[in-house]
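Q: Sharing a structure, written as structure tokens. Questions coming.
Where a number appears in this text, it was derived from the coordinates with a stated rule and is not lab data. Just so you know, these numbers come straight off a predicted model, no measurement behind them. Please note: Cβ atoms are built from the backbone with ideal geometry, for glycine as well, and neighbour counts cover all protein chains shown.
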Amino acid sequence: MFKQFSSAVCLSCALFPAGGTMSLCAQNRLDSLQRLDEVVVTAKALSKEVIPVQQLAGAQLQRLGAHSVADAIRYFSGVQIKDYGGVGGLKTVNIRSMGTNHVGVFYDGIELGNAQNGTVDLGRFSLDNMEAVTLYNGQKSALLQPAKDFASAGSIYLQSRTPRFAAGERQHVKSTFKTGSFGVVNPSIVWDRRLNERISSSVSAEYMYTTGRYKFTYRVEDSYDTTAVRRNGDVNAVRLEGGLFGSIKGGYWRAKAYLYRSERGYPGAVVKNKFSHEDRQWDTNVFAQGSFRKEFSPRYSLLINAKYAYDYLHYLADPRRDEALMYVNNRYYQHETYVSVANQYALLPVWDVSFSADYQFNLLDADLTDFVYPRRHTQLLAVATALRFPSVKMHASLLGTLVQDHVRSEAQGADNRAEWTPTVVVSYRPFSALDLNLRAFYKRIFRMPTLNDLYYTFIGNVDLEPEYTNQYNLGLTYAKEWGDRWLRRLEVQADVYYNEVENKIVAMPTSNFFRWTMVNLGKVEIRGIDLALQTAWQWGKNWYLTGRVNYTYQKAQDFTDPTDAYYGGQIPYIPWHSGSAVLNLNWREWEMNYSFIYTGERYSSRANIPVNYVLPWYTSDFSVSRTQHWGGGDLKLTLEVNNLFNQQYEVVICYPMPGTNFKAIVQYAF
């Protein structure tokens, strides 16, 4: 049979049939599809991940009251999500305050790119076809990986579902229908089919419509609170995916095609009693990608990845519909070609080395006045090594990033860049009988300014300096299991970190949502603590309880100019304290899930003064579901209540979020 080994899953996740735990545990060296003889597991051996990692997978990922990947990532420590307007708004992620552009987002092992602005809208990735969402600080500890995987300060890996079949099964179908507040209509279907003993396919489709309308309370200065309705937040989107999955001797291959099309309104900021905006955006995102991995011998393995992506964006701001808008009617076209070859060789049973080489070409066209039509060639070279001893593991890598930009002949392009950046990681297990692991890592990384930063008409600056980050991390993980107590498993993860960002660039929205103001802070220092605790309980044969608590403390300060009045202030939108908690209770066919998110006080500007102070906010979500075997399949009915206590809050100032809202889900799988 075929098993999918996720990059941060241990066998203990199967201890609880109702969905297991949210795993913090280690990466298996076989981060791939492997052909295995069927075995009976009677014991397990944990292999702790050297780099800090958090994961939501399987049933627990599906149980969260989350509309998209961005909603799910809020439950990780050290993460800030910027949400500009609820269901239809842009959603970006920031890890440990280093900035959205320092986060690499990978879909089935290949990075999702956006050379235009460097951000990926996580709101467009549904959880219906998602198997796992994993967050790494630094990089994965695996050696056999593309050079791209070494090239980010933090990474998010989205793993879509891989078809699995029991003996005699030929196909699986799962259909889901969601409806609820904001006029949501959200049907989806997933069809997995075994084509032969070595090849299977998966096709998924989803349609999502919402009006995006919801009531919110807006505080008017020197007056009473005003209740208004959020408008122009509608979304009309279609997602189609198709994949082929094949196994070969000693390896696997995969191929995937993806299409996403949407039309949406941007609700905009609520400023000076203006509650309605009329900005519109149309998106088409298409990509085709493939992976091939094979172990040619016990010593040598090869991984090849390739991808082509096309992105079309049309943005319209029409003053005939909204007098406050400046007329903008722009179209952008992006093409990306990417290929990667990675090699791993075992010099000794305890010593592996790897070499990866990637090439990427990006092309950006637009109908802007005086646009320079940039083309970017990027080469990445990575060499890495790993030593493994009974109590010590050591990883080291060196990444080379070479960038060449070309623009039309009469325009000036940015200088070519060639940067080399190292990473060193050490893990130590002091006691063989105690599942305690200590770890430390240092990573320096380089990020080239985006094409918008450099070449956006009237705004871009070809002399803009790139960003550099230095990351220092000390941490530990501890886990213990009991087979005869109510408390079956306890796992703790703690990390203390210090980050430096040079030439820090912060993007802030202006009155026109699509145009941003780029503010260069120069130098930022970030000190933080991430804590995560998870437990698993069992009473008798039918009661299962899993719980997880995350907490983050961050002090992210601007140290650009000692003469500045705001020198040493907290950078915008970074709270000092934040956290989350998740509880899941299972009893026979019933499931109940409660989740809580807290974001503490922060400032909306680098000027830490009372007028820019942003209040803390919290939300509580609750869901109950029942699964019943019916008609040869499983019927699951779920009712969700999100923002249970109707908290009125803003993730980004002047972008109010929804109050209490409901969702009903009907799912049938056979």
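Q: Mind running the shape call on the stretch 621-670? Use the C-alpha gyration tensor, a ≥ b ≥ c as the square roots of the eigenvalues: rounded below 1.5 for a/c, prolate if a/b tops b/c, oblate otherwise.
A: Prolate is the answer for the stretch 621-670, as a/c is 1.5 or above and a/b outweighs b/c.
Q: Still on this model: Sorted by packing (mean other beta-carbon atoms within 10 Å per residue), highest first, where do 377-384, 425-432 land?
A: The densest-packed peptide leads the list: 377-384, 425-432.
Q: Then there's this: Give the residue from Tyr300, Leu316, Ala288 lying farthest towards the positive end of the charge dipole for the stretch 277-329; charges sit on Cβ (+1 for Lys and Arg, -1 for Asp and Glu) and the dipole is referred to the Cα centre.
A: Positive-end residue among those listed: Tyr300.
Q: Follow-up question, since we're still on this one. From the helices alone, meaning DSSP H stretches of at least four residues, give me the mean residue ellipticity at 222 nm for the chain, per-run term -39500 (n - 2.57), in deg cm²/dmol to the nearest 500.
A: -500 deg cm²/dmol
Q: Among Val184, Tyr373, Phe446, which residue has its Cα furthest toward the positive end of the charge dipole of the chain, with +1 on Lys/Arg Cβ and -1 on Asp/Glu Cβ?
A: My answer, from the dipole projection, is Val184.
Q: Same structure, new question: About the Cα centre, and with charges only on the beta carbon of Lys, Arg (+1) and Asp, Glu (-1), how big is the dipole of the stretch 530-639? Nearest 20 debye, please.
A: It comes to approximately 420 debye.
Q: Go through the stretch 131-233 and name the GluC sites (Glu not before Pro) that are in a DSSP coil and have 10 or fewer other Cβ atoms within 10 Å of their Cβ.
A: Glu197, Glu221
Q: Could you check the spin-label model distance between Tyr567 and Tyr300? Points 7 Å from the Cα along Cα→Cβ, value in nm.
A: My value for the distance between the label points is 5.9 nm.
Q: Dividing the alpha-carbon radius of gyration of the chain by 2.2 N^0.38 Å (N being the number of residues), what value is obtained?
A: Cα Rg divided by the expected 2.2 N^0.38 Å: 0.94.
Q: Taking only the alpha-carbon positions of the stretch 144-232 and ignoring solvent, what does the Debye formula give for the base-10 log of I(q)/I(0) at q = 0.18, 0.20, 0.21, 0.26 Å⁻¹?
A: Calculated log10 I(q)/I(0) at the listed q: -0.93, -0.98, -1.00, -1.19.
Q: Treat every Asp and Glu Cβ in the stretch 454-501 as -1 and every Lys and Arg Cβ as +1, leave all other atoms uncharged, and give the resulting dipole magnitude about the Cα centre to the nearest 20 debye.
A: 520 debye
Q: When only alpha-carbon atoms are used, what values of Rg and Dmax, in angstrom, describe the stretch 284-400?
A: Values for the stretch 284-400 (Cα only, Rg and Dmax): 22.4, 71 Å.
Q: Relative contact order of the stretch 192-327: what whole-number percent is it, with Cα pairs under 8 angstrom and at least 6 residues apart?
A: That works out to 18 percent.
Q: Among Ala115, Gly99, Met130, which residue has its Cα positioned farthest towards the positive end of the charge dipole of the stretch 90-131, with +1 placed on the Cβ of Lys and Arg, -1 on the Cβ of Asp and Glu, and the dipole taken about the Cα centre?
A: Farthest towards the positive end: Gly99.
Q: Shifting gears a bit: May I ask for the Rg/Rh ratio of the stretch 242-281, computed from Cα atoms with Rh as the Kirkwood radius, given to two decimals?
A: 1.51
Q: Then there's this: Under a Cβ-only charge scheme (Lys and Arg +1, Asp and Glu -1), can you give me the dipole magnitude of the stretch 210-350 about the Cα centre, in debye to the nearest 20?
A: My answer is approximately 620 debye.
Q: Which of the trypsin sites (Lys or Arg not before Pro) found in the stretch 203-267 are in a DSSP loop and have at most 13 neighbouring Cβ atoms, other than their own, within 10 Å?
A: Lys249
Q: Suppose we look only past 11 Å in the calculated P(r) of the stretch 264-312. What percent of the Cα-Cα pairs does that tail hold?
A: 78 percent
Q: Over the stretch 329-472, calculate the relative contact order: mean separation of alpha carbon pairs under 8 Å at least 6 apart, over the residue count, as a percent.
A: Here the relative contact order equals 16 percent.
Q: I would also like to ask the following. Please arrange Arg96, Arg447 by how many other C-beta atoms lie within 10 Å of their C-beta, fewest to most.
A: Least to most surrounded, the residues fall as Arg447, Arg96.
Q: Say each of Asp365 and Ile189 gets a label point 7 Å from the Cα, pointing the same way as Cα to Cβ; how far apart are those two points in nm?
A: For the pair Asp365/Ile189, the computed spacing is 3.6 nm.
Q: Give the relative contact order (percent, whole number) for the chain; include only Cα pairs under 8 Å separated by 6+ residues.
A: 10 percent
Q: Is the C-alpha gyration tensor of the stretch 564-635 telling us rounded, prolate or oblate? Criteria: a/c under 1.5 is rounded; beyond that, a/b larger than b/c is prolate, otherwise oblate.
A: prolate
Q: List the trypsin sites (Lys or Arg not before Pro) within the stretch 295-364 that fall in a DSSP loop (any state other than H, G, I, E or B) and whose Cβ has at most 13 other Cβ atoms within 10 Å.
A: Here the trypsin sites (Lys or Arg not before Pro) that fit, given the DSSP loop and packing criteria, are Arg299, Arg320.
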